[in-house]
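Report on the structure given below.
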């Protein structure tokens, strides 16, 4: 067995110094022993540490009040910070140094021009589909070839009030449908509720159990959820 290596006093001191620097707990403990009194661990704060739990960014109302007190009432930042319950450095950056506030959250992946192009292409796809099939977000992504995810495109489209989901049903009425409805309402508008309960035996809403015989009727039926029989052309 090889004999253990021996260290001189200087080498041992260097080894202890290197261990002392690399071990934070040892560094704090040895500092306490050297200076003779305890140092609070809270005083050792990293520069990149996050704010304390419960911290909130200054609201627009707080900014308005702070600027009014500073410009109109000539209050100093320390007084404003005490009134708002904020740190003095926050008020100083806002009123004295006038530091531009950074936008929170991740940066936007799509520019306004790209969103405009996406909305235009979506309108083209919807017109081309002509109610024969659904236009999905995946289809829009393949058509635009934007280098973003489908979720990013959906987030941008929601800001333009465009949602990829089932919409409220609304029948597509032709001019003849409107005229027939108006004539029916004009003829039976004076009937009482008792007459309707006594006379009407069935209600036909033009939606259930209907057969669409030609292409025009099928395209019209596809514009809203309709139950019925679709006959081949």
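Quick look at the values:
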item	result
Residue in the range 153-168 that is surrounded by 11 or more Cβ atoms within 10 Å (Cβ to Cβ), out of contact with any helix residue (DSSP H, G or I) (no Cβ under 9 Å at 6 or more places or on another chain), under 30 Å from residue 55 (Cβ atoms) and at pLDDT 85 or above present	yes
Residue among 121, 181 that alone is part of a helix (DSSP H, G or I), surrounded by 11 or more Cβ atoms within 10 Å (Cβ to Cβ) and assigned by TED's automatic domain parsing to the domain that holds residue 219	181
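The values are calculated or read from the model by the stated rules, or taken from the named source; none is laboratory data. Just so we're clear, the structure is a prediction, and the values are computed from it rather than from any experiment. Don't worry about glycine lacking a Cβ; one is built from the backbone with ideal geometry, like all the others, and counts go over all protein chains shown.
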